[in-house]
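Just below is one structure, and these are the notes that go with it.
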Amino acid sequence: MRGHIRKRGSTYSIVVDIGIDPATGKRKQKWFSGYKSQDEAEQAMAKVITQVYEGTLLLPSDMILKDYLQMWIDKKKKKLSPTSLSGYLTIINKHLIPSLGYIKLKDIKPYIIDDYYDTKLETLSGTTVLHHHRMLNKTMVDAVKKYRLLSTNPLDGVEAPKATKYKASVLNTEEVQLLFKALDGDKLEVPIKVMLFLGLRRGELLGLKWEDVDYNSKTITIQRNLIRGGDTGVELYLKDPKTEESTRTIVLSDNIIELLKRHQEEQNELITKQGSLYQDEGFIFCNDDGSNIDPSAFSHRFGAFIKRNKLKHIRLHDLRHTNATMMLLSNVPAKVASERLGHSNVSITLDLYSHVIDEMKQEATNKIDDILFNTK
């Protein structure tokens, strides 16, 4: 097996014999270009020659997108969070491979990607297809720069899909009262009321432990997030909150403290009854055997509750939006609201709830007008 290095301008290329062409009987060679130094080229050449000997060298002319994506995700697994891995695997296995998987890597052109986006946009949101674009672009960048399987990125000529901004469905005061009335005595009562009062993300709620509650100071600390993901997409993990600011301590009201104390008493009775069968890991909200509640199952349970009680249709996450909207409309300073919500900076809060800010601007205008022109 032979190979050599050639300098081409300011970079180096390697040329490696990859076997005999059975049709002509002549040696077949493969060029790999773009190395910045001779040392880098020599290391790459040794690796390629080893792959040729072992029969593991995959060339663009031989590789279909399906094989490349599987190789790419296998190499990325250890570096990705469980949620990112689960998301990538969903995009790869449910969308990219069924649609494009059997196209040769070298034959993927911008128009093929454009057609893929157009087809997906018929059933998926712009935001979801944008996630496809971002992940696919990462794979193609690696194909060019890291694995040198392509000379150019086919997505360079493709316009990214536009994200569709979700408009939250927010409950007003009357609708919250209807929700609370329906929740009385239901197993969802305490978690939903706590989630709405604190404005928590789903994973933050399900990651709460009793050690996070301080009844003396009337506070609760948000410091972990329960998520699902991994290879199977259904494994449950505890991870740090979304950002550094997401780790926060929130002051509790007397009503919420009363709810938590009652819930704790009921849970302690259940622990005593279950005995060794109870998996006591200290979670405030868990299944009857102490195990973690699956976040997706919790969302479905809430959706079924809303439908069963014929309440206004909202997503579980809309409880967080309702909390934020009520704070701002109650003239809670945006900085305070931002800290309670765990946003990394106040501009995120102002951007997410710009519609509320516009309503507050009109209220401010009316107040100023009343002071200036209606003062007696």
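The values are calculated or read from the model by the stated rules, or taken from the named source; none is laboratory data. Quick caveat: nothing in here was measured; it's all calculated off a predicted structure. When we count neighbours, we look across all protein chains shown, and the Cβ atoms used for this are built from the backbone with ideal geometry, even at glycine. The accessibility values were calculated without ligands, DNA or RNA, using every heavy atom of the protein model including side chains. Shrake-Rupley method; radii C 1.70, N 1.55, O 1.52, S 1.80 Å.
Things worth noting here:
- Residue list for segment 292-315, restricted to those being outside any helix (DSSP H, G or I) and more than 19 Å from TYR237 (Cβ to Cβ): ASN309, LYS310, LEU311, LYS312, HIS313, ILE314, ARG315
- Some residue of segment 202-217 being in contact with a Gly (Cβ under 6 Å, 6 or more places away or on another chain), within 18 Å of ILE256 (Cβ to Cβ), open to solvent by less than 80 Å² (accessible area, probe 1.4 Å) and in contact (Cβ under 8 Å) with a residue 24 or more places away in the chain: yes
- Leading residue by the ranking (nearest to LYS162 (Cα to Cα)) among those in segment 103-123 that are outside any helix (DSSP H, G or I) and open to solvent by 50 Å² or more (accessible area, probe 1.4 Å): LEU121
- None of VAL129, VAL141, VAL190, VAL158 is of a type in the set (Val, Ile, Thr), surrounded by 13 or more Cβ atoms within 10 Å (Cβ to Cβ) and farther than 29 Å from LEU352 by Cα except VAL141.
- In the set (1) assigned to a loop (DSSP other than H, G, I, E, B); (2) touching a Leu at 6+ places or on another chain (Cβ under 6 Å), the condition left unmet by VAL144 is number (1).
- Among residues of segment 235-255 that are part of a strand (DSSP E or B), those with a beta-carbon under 7 Å from a residue that is at pLDDT below 85 and of a type in the set (D, E, K, R) at least six positions away or on a different chain give the pairs GLU235/ARG228; LEU236/ARG228.
- The number of residues in segment 1-38 being at pLDDT below 80 and among the aliphatic types (A, V, I, L, M) comes to 4.
- All of TYR88, TYR68, TYR111, TYR147 fail the test of being more than 28 Å from SER33 (Cβ to Cβ) and at pLDDT below 95, apart from TYR88.
- Test: residue in segment 177-187 that is within 30 Å of TRP31 (Cβ to Cβ), out of contact with any strand residue (DSSP E or B) (no Cβ under 7 Å at 6 or more places or on another chain) and in a loop (DSSP other than H, G, I, E, B): no
- Residue that is surrounded by the fewest Cβ atoms within 10 Å (Cβ to Cβ), among those in segment 300-325 that are among the charged types (D, E, K, R) and more than 14 Å from ALA182 (Cβ to Cβ): ARG315
- Scanning segment 230-243 for residues that are among the charged types (D, E, K, R) and at pLDDT below 85 yields ASP231, GLU235, ASP240, LYS242.
- Which numbered condition ASP142 misses (of (1) under 30 Å from GLU266 (Cα atoms); (2) under 22 Å from the mean Cα position of the chain (by Cα)): (1)
- Residue under evaluation ALA46, criteria (1) of a type in the set (A, V, I, L, M); (2) surrounded by 14 or more Cβ atoms within 10 Å (Cβ to Cβ); (3) not in a strand (DSSP E or B), criterion not met: (2)
- Test: residue in segment 155-169 that is touching a Pro at 6+ places or on another chain (Cβ under 8 Å), hydrophobic (A, V, I, L, M, F, W, C), farther than 30 Å from TYR111 by Cα and not in a strand (DSSP E or B): no
- All of (1) assigned to a strand (DSSP E or B); (2) at pLDDT 90 or above; (3) open to solvent by less than 80 Å² (accessible area, probe 1.4 Å) hold for ILE227 with one exception: (2).
- Any hit, segment 260-280, residues being on the phi < 0 side of the Ramachandran plot, in contact with a Pro (Cβ under 7 Å, 6 or more places away or on another chain), open to solvent by less than 80 Å² (accessible area, probe 1.4 Å) and in a helix (DSSP H, G or I): no
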